[in-house]
Amino acid sequence: MTADATPALVEDKQRAAGPRVRKSSAYPRYLAGKVAGAAVSLLAVLVTSFFLFRLIPGDPVKTMTGGRQVSAEQLAAYREEFGLDLPLWRQFTDYCGKALTGDFGTSYQFRAPVIDKITEALPNTLLLTGTAFVLYTALGILLGTRSAWRHGRLGDRVNTGLALTLYSIPSFWLGLLLIIVLSVGIGPLPGMFPTGGMESGGEEGLAYVLDVAHHLVLPVVTLVAVEYGQTLLVTRSALLDEMGSDYLTTARAKGLRDDLVRRRHAVPNALLPTVTLIFINLGRTVAGVILVETVFSWPGLGGLFYQALSVPDLPLVQGLFFVFAAAVILMNTLADLVYPLLDPRVAR
C-alpha cells in the first residue's frame, strides 16, 4: 500500500463514520419531536375538554335536585359549592391547575373525587376491552395472514367479505341483536346469557369468576365481531404488498417450504402497519367502548361517561374525556417510538 493511498483510505473511513453519527443522533431528535407533539396534544385536549362540554344544554345544579322544589338560595349554595358561580376564566384556570396535578374535581352526582370514580371503573373496562383486544388482534392477524397467502381463493373471499360486513355493523345494533337472540331467547331458542351487568351477586371464589365470565361473553363477542375485521384487512393488505418482493423469491429458490417463507420472512416484515394499529387499539382499551358498555350495562368507564353526560356532570365528563384522549395519545406516541426500531428508515 502506497503512502498516497493512505489519506484516501482515512478520508473514506471518515465519510463512512459520518452517516453513523448522524444516524445515531437521528432517533433522539425523532424521539424529542414525538414527545413534544404528544405534550401539545394533551394540552389541547385539556383546553377542549373544558369548553366543549359547557356547550351541553341544561343546568347541572337543577338536574341534581331531581325536579324538586328548591329555593333560589339553595341553588346559589350548590353553585358556590361546585364553583359554578365563578367567572368562566376563573373556572378554567382552576381546572387546568388542578388537572395538571391529577385532581379533576368532585363529581356532581356522586359527590366523590372524579379520580376515585375513574380508578373504580377502570378495572372493569380493562377486563372487557382487554379480553376483546387480545382475541380480535390474534384472530385478525391469523385470518389476515391466511387470506393474503391464499389470495383470490374461496377462503380469502369469505374471510374478507365477512370482515367487511361485520366491521360496517354498528356495535350497539349487534349488541342489541345478541341480547334479543341469546339473552331473551327467540322462538325455540332459550336465553343462555345475562342481558347485562357484570355479575349476578352473592357469588364467591370460583363461582364468582365463572359468573363474571358468563356476563362477559356477549359484550366480548360483540367487540370481537366488530373490531377483528380492521386488523384482518390491514394485515392482509400489508402482506399482499410484501408477497411480490424479491427476497421471498430468493427464499423459495433456496428450497424453503412455503410455510417457513411465510412465517419467517413475509409476516414479520408485513406486520409493521399492524403494530401501529395494535398500539392504537391498546389506547382504545382504556377509553373503553361507550356504546357497548351502555347496551350491556357494563360498569366501566364507558357506562360512567354516559351517566355523566346525562346530568351533565361536568367534572366527571371532563376527567373521563381527558383520560380517554390521553390513553390514545400515549399509545400513538409509543407506536411512533417503536416503529423506527422495527424500520430504522422512519427516523432518518
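The values are calculated or read from the model by the stated rules, or taken from the named source; none is laboratory data. Only a predicted model underlies this, so the values are computations on that prediction, with no experimental measurement involved. We place every Cβ from the backbone using ideal geometry, glycine too, and count neighbours over all the protein chains shown. For accessibility, only protein heavy atoms count, side chains too; no ligands or nucleic acids. Shrake-Rupley method; radii C 1.70, N 1.55, O 1.52, S 1.80 Å.
Which residue, of L154, L174, L182, L206, is touching a helix residue (DSSP H, G or I) at 6+ places or on another chain (Cβ under 6 Å), among the aliphatic types (A, V, I, L, M) and free of Cβ contacts under 8 Å to residues at least 60 places away in the same chain?
Of L154, L174, L182, L206, the one residue that is touching a helix residue (DSSP H, G or I) at 6+ places or on another chain (Cβ under 6 Å), among the aliphatic types (A, V, I, L, M) and free of Cβ contacts under 8 Å to residues at least 60 places away in the same chain is L174.
Answer with yes or no whether T285 is closer than 19 Å to F172 by Cα, in contact with a helix residue (DSSP H, G or I) (Cβ under 9 Å, 6 or more places away or on another chain), open to solvent by less than 40 Å² (accessible area, probe 1.4 Å) and in a helix (DSSP H, G or I).
yes
Pick from segment 92-107 the residues that are small (G, A, S) and in contact with a Leu (Cβ under 7 Å, 6 or more places away or on another chain): which of them is farthest from S310 (Cα to Cα)?
Applying the filter and picking the extreme gives A99.
Please enumerate the residues belonging to segment 148-191 that are closer than 22 Å to T235 by Cα, outside any loop (DSSP other than H, G, I, E, B) and over 25 Å from the mean Cα position of the chain (by Cα).
Those that are closer than 22 Å to T235 by Cα, outside any loop (DSSP other than H, G, I, E, B) and over 25 Å from the mean Cα position of the chain (by Cα): A148, W149, L154, G155, D156, R157, V158.
Would you say L176 is surrounded by fewer than 18 Cβ atoms within 10 Å (Cβ to Cβ) and not polar (S, T, N, Q)?
Yes: the conditions hold for L176.
Residue check: is L256 surrounded by 14 or more Cβ atoms within 10 Å (Cβ to Cβ) and under 24 Å from I141 (Cβ atoms)?
Yes, satisfied.
Is it the case that some residue within segment 134-145 is assigned to a helix (DSSP H, G or I), surrounded by fewer than 17 Cβ atoms within 10 Å (Cβ to Cβ) and among the β-branched types (V, I, T)?
Scanning segment 134-145 turns up at least one residue that is assigned to a helix (DSSP H, G or I), surrounded by fewer than 17 Cβ atoms within 10 Å (Cβ to Cβ) and among the β-branched types (V, I, T).
Among the residues that make up segment 22-39, is at least one of them modelled with pLDDT under 65 and open to solvent by less than 60 Å² (accessible area, probe 1.4 Å)?
Looking through segment 22-39, at least one residue is modelled with pLDDT under 65 and open to solvent by less than 60 Å² (accessible area, probe 1.4 Å).
Report, by residue number, each residue of segment 198-215 that is open to solvent by 20 Å² or more (accessible area, probe 1.4 Å) and closer than 16 Å to G303 by Cα.
Correct list: M198, E199.
Check segment 204-213 and report whether any residue there is farther than 21 Å from L162 by Cβ and outside any helix (DSSP H, G or I).
yes
Do we find that L291 is in contact with a helix residue (DSSP H, G or I) (Cβ under 7 Å, 6 or more places away or on another chain) and crowded, with 21+ Cβ neighbours inside 10 Å in this structure?
It is false that L291 is in contact with a helix residue (DSSP H, G or I) (Cβ under 7 Å, 6 or more places away or on another chain) and crowded, with 21+ Cβ neighbours inside 10 Å.
Quick check on A148: is it out of contact with any Phe, Trp or Tyr (no Cβ under 8 Å at 6 or more places or on another chain) and of a type outside the set (S, T, Y)?
Yes: the conditions hold for A148.
Inspect segment 77-98 for any residue being under 14 Å from L314 (Cβ atoms), in contact with a Lys or Arg (Cβ under 9 Å, 6 or more places away or on another chain), assigned to a helix (DSSP H, G or I) and of a type in the set (A, V, I, L, M, F, W, C) and give the result as yes or no.
yes
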